[in-house]
Amino acid sequence: MIRFLMNDREVCLDHCAPDMTVLEYLRTKAEQRGTKEGCASGDCGACTVVIAEAVGNRLQYRNVNSCITLLGSLHGKQLVTVEHLKLQGALHPVQQAMVDLHGSQCGFCTPGFIMSMFALYKSCELPSRADVEQALAGNLCRCTGYRPIIDAALSLAGKGSQDAFSAQEAVIYSRLTKMVQQSPQASMQDGLHQFLIPRNSDELLALLTQHPNAKLVAGGTDFALSITQQLQQPEVVIYTGRVVELLQIEESEESISIGAAVSYTDMQSLLHKHFVSFAEMLERLGSLQVRNQGTLGGNIANASPIGDTPPVLLALDAILHVRSPAGRESLPIREFFTGYRQTKLPPSGFIETIEIPLQPERILNVYKISKRLDDDISAVCAAFSIELQDGVVRHARLGFGGMAATPARALNAEQALKDQPFTEQGIKAAQQALAQDFSPIDDVRASGAYRLQVAQNLLLRAVLEQANPSDEALEVVQYA
């Protein structure tokens, strides 16, 4: 049985299909239809809801796309929908601001905007315009334009996040905590179809051994598309979002280790500390709704050639710590990808942690090329880890996505860079060598020729940024 709060009402579910999404449950079972279905793929934000979870000694509020959130993942959490914001007979301050500043739209996408603004209201007392824009980047409707909506969000800054939810926080926190304590081994079943929630790595291994064809899900931001877009019906889903070992973040003098089920949002502050360009690129990986659920481990194991994090991890010589019935082993990420969506992950195996060495003597440049600045898929993603001595390249790791059937290093270009000055003239051989490393294909995002030209140009951009680190003309920015 899984247990969660839907607004302030406890829900207990034992018999339910493991592939049911939160959106489907709201609209067809709970009959809470303020939450809308737009794209059913986590792109438009019309289905945005907020999930509150007991973290530390308080509730943490985050907005997510309900269309790609599996219902079973709500165990021990509170699901907040737009219907619940009007507590005690009054509009919530977020709703009132939208009314007062004329931000309300046709009604289809407005609930999604409201919920994203509510999550911001509960998590950031003094949001900047950049905070607001990031919070709303995953809500794409343009009925009235963004200006009045952004004005509404900014009008709440400094007014405090105390509301009717704050008054109930201690009670909700206690209810969620007791829920997990009383139902530590949670699951759902519908005939032969099961949704299983292990608590630790040992339980996860045992379940995978018992169900070798089970689908592992952490954030589910990609896996859920196989359900909503391809209508697949997995028999067994194992949710890793409560496996304690997979939720750890550790930092030492030599490296950082990130659990495979840690969300992008939760690891971003640590990346800002050590790898600024990596952290900045993450702000363009999907929307905030996606980053609140998507995980580093999932992005790696998915083995997509256009995943945004593997190229960076290749450039950083990351190490994957994997567990399977055969035991634990460490795999350099450069050896992990073997073909299109194929990896060296052993049978019934899973990634526990991703270890990233700290090498302060190296420069890291990360670039994402896409048609939109926010919430878009890469045509090319590139990461360059370079060590210079007196302006000469002593070490180079060049990771690319979108250039081959797998995320890959440009080995010929790396060799061509070695012992050359990091100048426009010094990188010419490496730029030419990229044509030996990759033969990119044409698809809907870009032509192969464009991809190759962009990859070569990004090497030049890295040189120009190194020579002129304060030159803002090289940055792609959004203007109000």
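The values are calculated or read from the model by the stated rules, or taken from the named source; none is laboratory data. Predicted model, so just to flag it, every value in this text is computed and none were measured. Heads up, the Cβs are rebuilt from the backbone with ideal geometry, glycines too, and the neighbour counts pull from every protein chain shown.
Per-structure values
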| item | result |
| --- | --- |
| Yes/no for R461 being at pLDDT 95 or above and among the basic types (K, R) | yes |
| Single condition K122 does not satisfy, out of (1) touching a Phe, Trp or Tyr at 6+ places or on another chain (Cβ under 7 Å); (2) farther than 18 Å from L59 by Cβ; (3) assigned to a helix (DSSP H, G or I); (4) not aromatic (F, W, Y) | (2) |
| Tally, over the range 129-174, of residues that are without any contact (Cβ under 8 Å) to a residue 24 or more places away in the chain, loosely packed, with under 14 Cβ neighbours inside 10 Å and either closer than 18 Å to D374 by Cβ or under 28 Å from the mean Cα position of the chain (by Cα) (or both) | 5 |
| Test: residue in the range 265-279 that is buried (at least 24 other Cβ atoms within 10 Å of the Cβ), of a type in the set (G, A, S) and not assigned by TED's automatic domain parsing to the domain that holds Y61 | no |
| Count - residues of the range 185-198 that are closer than 19 Å to G76 by Cβ and either surrounded by 15 or more Cβ atoms within 10 Å (Cβ to Cβ) or touching a His at 6+ places or on another chain (Cβ under 9 Å) (or both) | 9 |
| Scan of the range 325-354 for residues that are assigned to a strand (DSSP E or B) and crowded, with 19+ Cβ neighbours inside 10 Å, ordered by number | F337, T343, F350, I351, E352, T353, I354 |
| Residue count for the range 395-416, restricted to those that are out of contact with any Leu (no Cβ under 8 Å at 6 or more places or on another chain) and over 11 Å from C381 (Cα atoms) | 7 |
| Output for the range 362-399, where each listed residue is charged (D, E, K, R) and surrounded by fewer than 21 Cβ atoms within 10 Å (Cβ to Cβ) | R362, K371, R372, D374, D376, E387, D390, R394 |
| Check on L364, among the hydrophobic types (A, V, I, L, M, F, W, C) and in a loop (DSSP other than H, G, I, E, B) | no |
| Filter pass, C67 being of a type outside the set (D, E, K, R) and either within 17 Å of C141 (Cα to Cα) or out of contact with any helix residue (DSSP H, G or I) (no Cβ under 7 Å at 6 or more places or on another chain) (or both) | yes |
| Residue match in the range 94-101 (condition: under 22 Å from K178 (Cα atoms) and without any contact (Cβ under 8 Å) to a residue 40 or more places away in the chain) | no |
| Which numbered condition Q229 fails, given (1) within 26 Å of the chain's Cα centre (by Cα); (2) more than 21 Å from L345 (Cβ to Cβ); (3) crowded, with 16+ Cβ neighbours inside 10 Å | (3) |
| Every residue from the range 150-193 that is of a type in the set (D, E, K, R) and assigned to a helix (DSSP H, G or I) | D151, E169, R175, K178 |
| Among the candidates L196, L231, residue that is assigned to a strand (DSSP E or B) and without any contact (Cβ under 8 Å) to a residue 60 or more places away in the chain | L196 |
| Residue in the range 152-173 that is touching a helix residue (DSSP H, G or I) at 6+ places or on another chain (Cβ under 8 Å), among the aromatic types (F, W, Y) and modelled with pLDDT under 95 present | yes |
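Per-residue answers, yes or no, for (1) modelled with pLDDT under 95; (2) in contact with a Leu (Cβ under 9 Å, 6 or more places away or on another chain):
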{"residue": "F4", "(1), (2)": "no, yes"}
{"residue": "R9", "(1), (2)": "no, no"}
{"residue": "Y25", "(1), (2)": "no, yes"}
{"residue": "D43", "(1), (2)": "yes, yes"}
{"residue": "Q88", "(1), (2)": "yes, no"}
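Residues checked against (1) buried (at least 18 other Cβ atoms within 10 Å of the Cβ); (2) farther than 23 Å from F223 by Cα; (3) over 19 Å from the mean Cα position of the chain (by Cα):
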| residue | (1), (2), (3) |
| --- | --- |
| L5 | yes, yes, yes |
| C12 | no, yes, yes |
| H15 | no, no, yes |
| E24 | yes, no, yes |
| A40 | yes, no, no |
| G45 | yes, no, no |
| V50 | yes, no, no |
| H75 | yes, no, yes |
